[in-house]
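Structure record follows, encoded as structure tokens.
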Amino acid sequence: MHQSFNNQIWKRLIKNKGALLGLTIIAAAVFISIFGYFIAPDGSPNADLQTVEIQAKHPGYTQLFLKVPDKRNNDISWLAQLMNGKPDAYRFVPIKDYSIKGDVLFVNKYVDDDTAVAQQYSIAQLTNGHPENLLTDNICTKKYWLGTDTFGRDILSRLIIGTRVSLAVGLIAVLISLTLGILLGAIAGYYKGRVDAVIMWLINVTWSIPTLLLVFAITLALGKGFWQIFIAVGLTMWVSVARLIRGQVMAIKELEYIQEARALGYTDVRIIGRHILPNIFGPVMVIAASNFATAIIVEAGLSFLGIGVQPPQPSWGLMIKENYNFIITHNPMLALVPGFAIMLLVLSFNLLGNGLRDALDVKN
């Protein structure tokens, strides 16, 4: 019967077009975040390949490059590349044109649209003794589908890698908020009395502090960084979970089957864990989806203000901060693209949350 009920919920969920769209976008974002370094055009660590000569270029910009072999060690495992990317085996030099005379490659290095610097390279050194591979291995053209940022980095690549930060912050923050909220809310709702009064006092005090101000305080106490932002965001969202769980537990504990469980001598831990919490799983899922969206927005806001994810690690909020000056100049897409990404992912979680709410509503 339990399996049949779950199937019924799933069928009702996928019939909701908005929820299905949100779930599809979230699934795509999860796939991109996991395999981002294999998908992104720039698979270097943090997608941080800088080419300052081509900074702030428009979407669709194309540039010719000379690939000069780099002596760095690029022999890393598949798992290491999956997690952190792989350093490029070449140094990319932007060029306007090139010519070959004997064993020498002459290039005009691109500086800006009106300036070029003449350079020359030994073809034997460039190709490691295989001059026939020069045009295939050492000359290439790159297309920047979303343009480049102020440091000449590929916006699309940083957008893809930045998906991992947004989803990771949302996931960890939701896990922290659910753990604290369910624990404190269940204890307050089940035992009532003085325990409930103390927990509700803590909830009310935390709720009275503006969320952003509380996040600032926690972030400044823990320091700036990738992992600190998880804890800071998670510790500010448990209050709404605790209030919801408390109310649900207070209602369910008065039902007959809970009274019978007490009469049979079951422990409070067993009653809460096996007989109460499983029956409030639906509302928890709805508020988890809402908190996920909130965490993404808070992380983006903190990174924009400079106290969240630190460069060169890509974050959508940090990308807006680095490029927002271009909104009123010649290339507004540099800041608008990560803004659209934030909006799309937050909207997806809200659509999924609304769909879960409708699917779990037994009155419909």
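Distance from the Cα centroid of the stretch 291-342 to that of the stretch 196-242 is 22 Å (rounded to whole angstrom).
Give the range of the longest stretch in the chain that excludes all trypsin sites (Lys or Arg not before Pro) found in loop regions by DSSP and having at most 12 other beta-carbon atoms within 10 Å. That would be 73-362. Summing charges over neighbours of Ile161, with a neighbour being any other residue whose Cβ is under 11 Å away from its Cβ, gives 0 when K and R count +1 and D and E count -1. Legend: distances between Cα atoms for Lys86/Lys224; Lys142/Lys321; Lys101/Lys142; Lys17/Lys86; pairs beyond 29 Å are Lys17/Lys86.
Tell me whether the stretch 65-146 comes out rounded, prolate or oblate; compute the Cα gyration tensor, take square roots of the eigenvalues as a ≥ b ≥ c, and use a/c under 1.5 as the rounded threshold. The shape class here is oblate.
In the chain, Cα pairs under 8 Å separated by at least six residues give a relative contact order of 22 percent. Counting other Cβ atoms within 10 Å as a rough exposure proxy, the listed residues Leu183, Leu264, Leu255, Leu352 run Leu264, Leu255, Leu183, Leu352 from fewest neighbours to most. Footprinting exposure proxy ranking of Phe226, Phe349, Phe92, fewest other C-beta atoms within 10 angstrom first, gives Phe226, Phe92, Phe349. Placing unit charges on the Cβ atoms only, positive for Lys and Arg and negative for Asp and Glu, gives the chain a dipole magnitude near 1060 debye about its Cα centre. Computed over the chain, the alpha-carbon pair-distance distribution with 10 angstrom bins reads 5, 19, 24, 20, 14, 9, 5, 3, 1, 0, each value a whole percent. Considering only Tyr61, Gly43, Ser99, the residue lying farthest towards the positive end of the dipole of the stretch 1-128 is Gly43, judged by Cα position with unit charges set on Cβ. Build a GNM of the chain with springs between Cα atoms under 10 Å apart, and of Phe151, Phe281, Phe304 the one that fluctuates most is Phe281.
No value in this document is a laboratory result; all are computed from the given coordinates. Since the model is a prediction, treat every value here as computed from it, not as a measurement. We place every Cβ from the backbone using ideal geometry, glycine too, and count neighbours over all the protein chains shown.
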